[in-house]
Amino acid sequence: MDIKHIFNETGVKKIYKLIVVSGQYQGDYIIEKPDGWSSADSVVNIDDELFNVKDFIIGDNEKIRFWQYAMPEAFKLIYNVYQEQRGEAHVIFKWLAVKDGVEYDLLQDNFEINFNKYSFQSGKSMPKIEIELIKSEARNKLANREETTIDLFDTKDLDENVITPVNTFTLGYKKGDKNLSNFYSYDISQPSSTGFNLNDHFLSFKRSDEYEFGDNTNEYAGIRPGVTHPVDQGPFVTTNITLKKIQIEISNMHLKFKKQSAGAPVVKLFAIVIGINYRQIYALEPSVIVVGSPNYSEIKIDYKKYPLIDPENLQPGQSLYFVFNSDTPFSYECLKTNTSIQITTNMESPLVKTTGIRLIEGLKQVVKNYTASSLNVVSKFLGSGGTFFNTSISTGVYLRGLGNLYTAGQKIKTSMKTMLTDGAAKLLTLGFDIIGSDVVVEDLRYFFKDIKSYDLSKKQYLAGYEIEPDKDVTFNSLLFGSKKYSTKIKDDIRNFITTAEFSTPITTVKNKFDKQTDLIIDEYKIQELIEDKSSSTNDNDDDLVMIDMVELVDYWDTGVFENTFHSEDGGNLLLTCNVTPFDTTMIQVGTEVQITEGINAGTWTVLDVSGNKIKLSMNFGITAGTSDTPIKYKISSLIKNRSLNDGFSAPAFIRNPETATNARHNPKYHMARWFPFFGSGLTKKKETDLIKVTNYKNEAKASMWARTQDLAYELSGPIVVGADEPIGRLRANSQTLFDGQTIKISYHNVTFEEFITLYENWRYGIGGDRMKSRGYISLNSPVGLLDVYPFGDGALSHSRKNNVLTIKGKVKGRSVEDPVLLSVIQINKNTLTVNFDYTADYVNPGIDIQMSVDGENWTTIHTAYNTKTVTFSEDLLLNFLTGNIVKFRIMVTTPEFYGRISNVLDIGWQFNDYRITEVRRTENIDCGYSELVFDIEGTASLDVEWTFNSSPGGGNSTCLDYNGLELVSFDSLYGPDFTEVKNTPLTVANEIKRFEIRVRNTDNFAFNPLNCQNTGTNSIVVIADVQAKFNNTVTAEERILFIQATTIKYY
């Protein structure tokens, strides 16, 4: 039976009941109807930060009374319970309808007597007790304990009840590249000058004992003046593995150069990389001529960085030297003896495993601990399949992975305020409410649905209404990001997960919208914590960390295990690494691992993993020694921190897209999530008006594009984090919730029963479906029909004495019938005909046709104007495979009605058995190198025509699958332009295959080595490109991918 109709049923009896939960008087008691019940007022207060119903109070002003002699049973019971338990008493009040022996809860909210407002008074003829009714004890515990810190691994809750610890899982974390450095100081034992006149000179430097990379063993490097000739003491660095992104830092260098004849020598400081049949020269610093008697030249460097560019890496077998060179012989005098050289490289870190706790599991554990397990947590947004299901939390001390000696009794300590109020709620636009025994945690849009909860459009409003501008959504400045980000880690100036200030076009008010989170989300800070194995206290030990994750299959991890000792054990290769112990990785017994470079290179099977040791199947030709060891291996399935390679494309100005973590939580995406709220104060602003970035901390040029469906919640299209955004783009991404006004208005002839029905429809959902709750109420008003969301303190208040309902809230807009989507007809793979209708209230409308996979995140794929049918093509539709269910709706906008949404139609997709998806494109790096990663998914038989061009000749290209198998390759000789065409078959059978195209242009022209440093007298544009034409052998359909490497090189 529907509760909202039971009031009008025949044979219904209404009863009142008190339930004493504990103590001497525990039990259920049917009581008399309380005095004042028929005239008691009610008020509903809604929190303006987290959108929860803070209070539903019955008897706020008009109290409920129990008289000693007129209501002896109830009076005596309440009096005795109060004497026994005082304000901690727990007594539930029930108003029930009974029909045919079945009880129906008419209030549902589990109201309780508020014994803290208990009042024993004398009446005119007898004593009385006055009370008010408030929400349940479990809700009070949740609210009152919000700031209480608990451990998610506790086995007892705050009320000393036994509970199970939080659920965990194994999380793989791919750290950012480790920045290693070698420091070289001036050899003070060397002469400060030389009498030898030579074309090449340098100084002697002593390598620090704490050097971090390189295989050379010489303690001194450079050139030392000798008695009869200079002595070459060896290279600064020699390597048998690839060292990436070499950078040289020189401090306090000052030398004077002279030659025997008149005039000053022209001297340059060079870095030289030498390998087998290889020599690359990098010009670092030229000398400056000083006029004197005689003239001389000098090189003076206080402090300067010199990155090696094109190529930026040292390859296996190569060594790095320095030299002062001149075309004429010269001598030198060193004027400073505190010169230092620091050489740095970025070394890829192996993936390590840690313990993950999903955000929703953390919230469940806190609520369970606070409320004696009487409340649970439910969430579509954070739950399985939800937008932020793969979100993990931890604390600094737990993430550090310290032993039990240091973490016993303090694993993950947090509170509801830390985790939700000051943390995830601000970052993810979360709110919560309590429905029955469930704490519902959802995003902003859940609490302001485009659903009509109740219709009061026929009711007569009373005088005294107020319609005003909504000051709570009108801001001139905005603040997003995190309060806690790295400021002490080398290279963190490139960090873009920081904080940003924005300004809006509002000029008439001064109001700041601050949604900075207290969570640590910065990859540099997270890496700092993971690498901190010290037993000392870290400033961030107690801070909560959030990590965005992704689920992957057949993931290849590559990383360098530093200072690994290679030895033989029982005839097999044994590796020992103390920097990254092997049992902290996901390498398992039976896994095949590839030592990709250096000693004992090859593919071997893992025989044993024990702490910092791993035994491999290699049993011949074993080379012993210590070396940085790059290892690659495949993990069949894992959950890891999401990088920019996991769903993003077009990354730029980012340290390493392969390891960049929490990119989706940058301040630009954070701002766009909250636009539906603060954008409601900008409804009268133009599409071209800007949300301006006034201060973006650190790397404001970082750019990316969220491409995959699991990132559909973020701002669509390419973004630059520090760039201004037009309001029109933000509106197209997500419509605003309100029209920028508030209203307070009252209606008479609204009975208590109708008020309860309205409240239950709005709070619990039409038909009890919470996904149909928290909609708007249609109101009759002096300016016409309005749709309004109840909001704030006094959002709903009702007087039973006068049957008057007052509503206070945010205006959604003028009430009008929603548009209707009639049909979506698929013409072919990417062409649709869409038919729809709307009323005459919509004058010259713009109609956005939108699609979605999950029904939560929508993408506009076409915009039409002032029409009711449209046919169009959109390449985004090529991403759907036959059998996929694609959801469609329309959103209609006019100057008066913004973002009115239609019904949703589900369409079973046709005509598309396979798709080719570009995953990542990186172009024109490393002096002429580009790569393209793409997926082929579905079922298809393809003939791929590959066309390779190199101008001039000397370029090369290859396409590999992600098992390392070569699909096709090209290699051209130095010389004239080169073109070659090859054909290869390729099939997919209801699967996903990933491929990577690599292309490099030539490094030689007319027998002249080419480089990308402008040190030569000539330049040339060199190009290499690959076109892949995928021909469907069944349908003859063609799809094309193209990638090019174009570089200006010098010789």
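The values are calculated or read from the model by the stated rules, or taken from the named source; none is laboratory data. In this text, all values refer to a predicted model and were calculated from it rather than measured experimentally. Cβ placement follows ideal geometry from the backbone for every residue including glycine, while neighbour counts extend to all protein chains displayed.
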Candidate set: the stretch 627-644, residues that are among the polar types (S, T, N, Q) and in contact with a Ser or Thr (Cβ under 9 Å, 6 or more places away or on another chain); chosen: the one nearest to Thr238 (Cα to Cα): Ser627
Out of all the residues in the stretch 222-237, which are without any contact (Cβ under 8 Å) to a residue 60 or more places away in the chain and within 50 Å of the chain's Cα centre (by Cα)? Gln233, Gly234
Residues that are part of a loop (DSSP other than H, G, I, E, B), at pLDDT below 95, within 27 Å of the chain's Cα centre (by Cα) and closer than 30 Å to Ile807 by Cβ: does the stretch 663-686 have at least one? no
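Identify the residue in the stretch 302-320 that is over 34 Å from the mean Cα position of the chain (by Cα) and surrounded by fewer than 19 Cβ atoms within 10 Å (Cβ to Cβ) and, among all such residues, is farthest from Tyr1050 (Cα to Cα).
Of the residues in the stretch 302-320, the ones over 34 Å from the mean Cα position of the chain (by Cα) are 302-304, 315-320.
Going one step further and asking which of them are surrounded by fewer than 19 Cβ atoms within 10 Å (Cβ to Cβ), we end up with 302-304, 315-317.
Values: Asp302: 29, Tyr303: 28, Lys304: 24, Gln315: 22, Pro316: 25, Gly317: 25 Å.
My answer is Asp302.
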Take the residues in the stretch 611-642 that are part of a strand (DSSP E or B) and of a type in the set (Gly, Ala, Ser); name whichever of them is surrounded by the most Cβ atoms within 10 Å (Cβ to Cβ). Ser627
Quickly run through the stretch 261-279 and pick out the residues that are touching a strand residue (DSSP E or B) at 6+ places or on another chain (Cβ under 9 Å) and farther than 30 Å from Ser293 by Cβ. Ala271, Ile272, Val273, Ile274, Gly275, Arg279
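Only one residue in Tyr776, Tyr764 is modelled with pLDDT of 95 or more and not polar (S, T, N, Q), so which one is that?
Working: Tyr764 fails: modelled with pLDDT of 95 or more.
Going through Tyr776, Tyr764 in turn, just one is modelled with pLDDT of 95 or more and not polar (S, T, N, Q): Tyr776.
Return yes when Thr694 is under 19 Å from the mean Cα position of the chain (by Cα) and of a type in the set (Ser, Thr, Tyr) and no when it is not. Even if it seems obvious, please write down each step before you answer.
Values: under 19 Å from the mean Cα position of the chain (by Cα): no; of a type in the set (Ser, Thr, Tyr): yes.
No.
Might you let me know whether the stretch 382-396 holds any residue that is hydroxyl-bearing (Ser, Thr, Tyr), assigned to a helix (DSSP H, G or I), touching a Leu at 6+ places or on another chain (Cβ under 6 Å) and in contact (Cβ under 8 Å) with a residue 12 or more places away in the chain? Give the derivation first.
First pass over the stretch 382-396, keeping only residues hydroxyl-bearing (Ser, Thr, Tyr): 384, 387, 391-392, 394-395.
Restricting the remaining residues to those that are assigned to a helix (DSSP H, G or I) gives none.
Looking through the stretch 382-396, none of the residues is hydroxyl-bearing (Ser, Thr, Tyr), assigned to a helix (DSSP H, G or I), touching a Leu at 6+ places or on another chain (Cβ under 6 Å) and in contact (Cβ under 8 Å) with a residue 12 or more places away in the chain.
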Inspect the stretch 431-438 for any residue being aliphatic (A, V, I, L, M), assigned to a strand (DSSP E or B) and at pLDDT below 95 and give the result as yes or no. yes
Among the residues of the stretch 797-821, which ones are part of a strand (DSSP E or B) and over 37 Å from the mean Cα position of the chain (by Cα)? Ser797, His798, Ser799, Val804, Leu805, Thr806, Ile807
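Residues of the stretch 826-853 being over 15 Å from Leu877 (Cα atoms), touching a residue at least 24 places away in the same chain (Cβ under 8 Å) and not small (Gly, Ala, Ser), which ones? Can you show your working first?
Within the stretch 826-853, the subset over 15 Å from Leu877 (Cα atoms) is 835-848.
Next cut, touching a residue at least 24 places away in the same chain (Cβ under 8 Å) only: 835-838, 841-848.
Asn835, Phe836, Asp837, Tyr838, Asp841, Tyr842, Val843, Asn844, Pro845, Ile847, Asp848 - these are the residues of the stretch 826-853 that are over 15 Å from Leu877 (Cα atoms), touching a residue at least 24 places away in the same chain (Cβ under 8 Å) and not small (Gly, Ala, Ser).
Tell me, please, whether a residue that is part of a loop (DSSP other than H, G, I, E, B), among the charged types (D, E, K, R) and either touching a residue at least 60 places away in the same chain (Cβ under 8 Å) or loosely packed, with under 15 Cβ neighbours inside 10 Å (or both) can be found in the stretch 61-74. Walk me through how you get there before you give the answer.
Kept after step one, since they are part of a loop (DSSP other than H, G, I, E, B), are these residues of the stretch 61-74: 61-63, 68-71.
Okay, now just the ones that are also among the charged types (D, E, K, R), so 62-63.
In the following step, the residues that additionally are either touching a residue at least 60 places away in the same chain (Cβ under 8 Å) or loosely packed, with under 15 Cβ neighbours inside 10 Å (or both) were identified as 62-63.
Yes, some residue in the stretch 61-74 is part of a loop (DSSP other than H, G, I, E, B), among the charged types (D, E, K, R) and either touching a residue at least 60 places away in the same chain (Cβ under 8 Å) or loosely packed, with under 15 Cβ neighbours inside 10 Å (or both).
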Let me confirm something: among Asp646, Asp710, which residue is part of a loop (DSSP other than H, G, I, E, B) and within 17 Å of the chain's Cα centre (by Cα)? Asp646
In the stretch 439-452, residue farthest from Arg900 (Cα to Cα) [restricted to those that are in contact with a Ser or Thr (Cβ under 7 Å, 6 or more places away or on another chain) and either of a type outside the set (A, V, I, L, M) or part of a loop (DSSP other than H, G, I, E, B) (or both)]: Glu442
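Can you name the residue in the stretch 799-825 that is of a type in the set (Val, Ile, Thr) and touching a residue at least 60 places away in the same chain (Cβ under 8 Å) and is also surrounded by the fewest Cβ atoms within 10 Å (Cβ to Cβ) among such residues?
Val820
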Hits in the stretch 983-1007 - residues which are more than 27 Å from Val553 (Cβ to Cβ) and surrounded by 13 or more Cβ atoms within 10 Å (Cβ to Cβ): Val999, Arg1000, Asn1001, Thr1002, Asp1003, Asn1004, Phe1005
From the list Arg900, Arg915, Arg920, which residue is in contact with a helix residue (DSSP H, G or I) (Cβ under 7 Å, 6 or more places away or on another chain) and either modelled with pLDDT under 95 or of a type in the set (D, E, K, R) (or both)? Arg915
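Quick one: which residue in Glu103, Glu147 is at pLDDT 90 or above and surrounded by fewer than 16 Cβ atoms within 10 Å (Cβ to Cβ)?
Values: Glu103 fails: at pLDDT 90 or above.
After ruling out the rest, the residue left standing is Glu147.
Does the stretch 493-505 hold any residues that are crowded, with 18+ Cβ neighbours inside 10 Å, more than 17 Å from the chain's Cα centre (by Cα) and not aromatic (Phe, Trp, Tyr), and which are they?
From the stretch 493-505, those crowded, with 18+ Cβ neighbours inside 10 Å are 495-502, 504; that's our starting set.
Keeping just the survivors that are more than 17 Å from the chain's Cα centre (by Cα) gives 501-502, 504.
If the condition is that a residue be crowded, with 18+ Cβ neighbours inside 10 Å, more than 17 Å from the chain's Cα centre (by Cα) and not aromatic (Phe, Trp, Tyr), then Glu501, Thr504 are the ones that fit.
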Do any strands (runs of 3 or more DSSP E) lying entirely in the stretch 874-972 carry at least 3 residues that are in contact with a strand residue (DSSP E or B) (Cβ under 9 Å, 6 or more places away or on another chain) and over 30 Å from Asp818 (Cβ atoms), and which ones are they? 914-925, 929-951, 956-961, 966-971
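When you go through Leu711, Leu758 one by one, which is the residue that is touching a residue at least 40 places away in the same chain (Cβ under 8 Å), within 24 Å of Asp818 (Cβ to Cβ) and surrounded by 19 or more Cβ atoms within 10 Å (Cβ to Cβ)? Can you show your working first?
Values: Leu711 fails: within 24 Å of Asp818 (Cβ to Cβ).
From the options Leu711, Leu758, the qualifying one is Leu758.
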Which listed residue, of Phe169, Phe196, Phe153, is of a type in the set (A, V, I, L, M, F, W, C), under 30 Å from the mean Cα position of the chain (by Cα) and surrounded by fewer than 16 Cβ atoms within 10 Å (Cβ to Cβ): Phe169
Those residues that are at pLDDT below 90 and surrounded by fewer than 17 Cβ atoms within 10 Å (Cβ to Cβ), I need them from the stretch 1040-1049; list them, please. Ile1048
For residues in the stretch 714-755 being among the β-branched types (Val, Ile, Thr) and touching a strand residue (DSSP E or B) at 6+ places or on another chain (Cβ under 6 Å), which is surrounded by the fewest Cβ atoms within 10 Å (Cβ to Cβ)? Val720
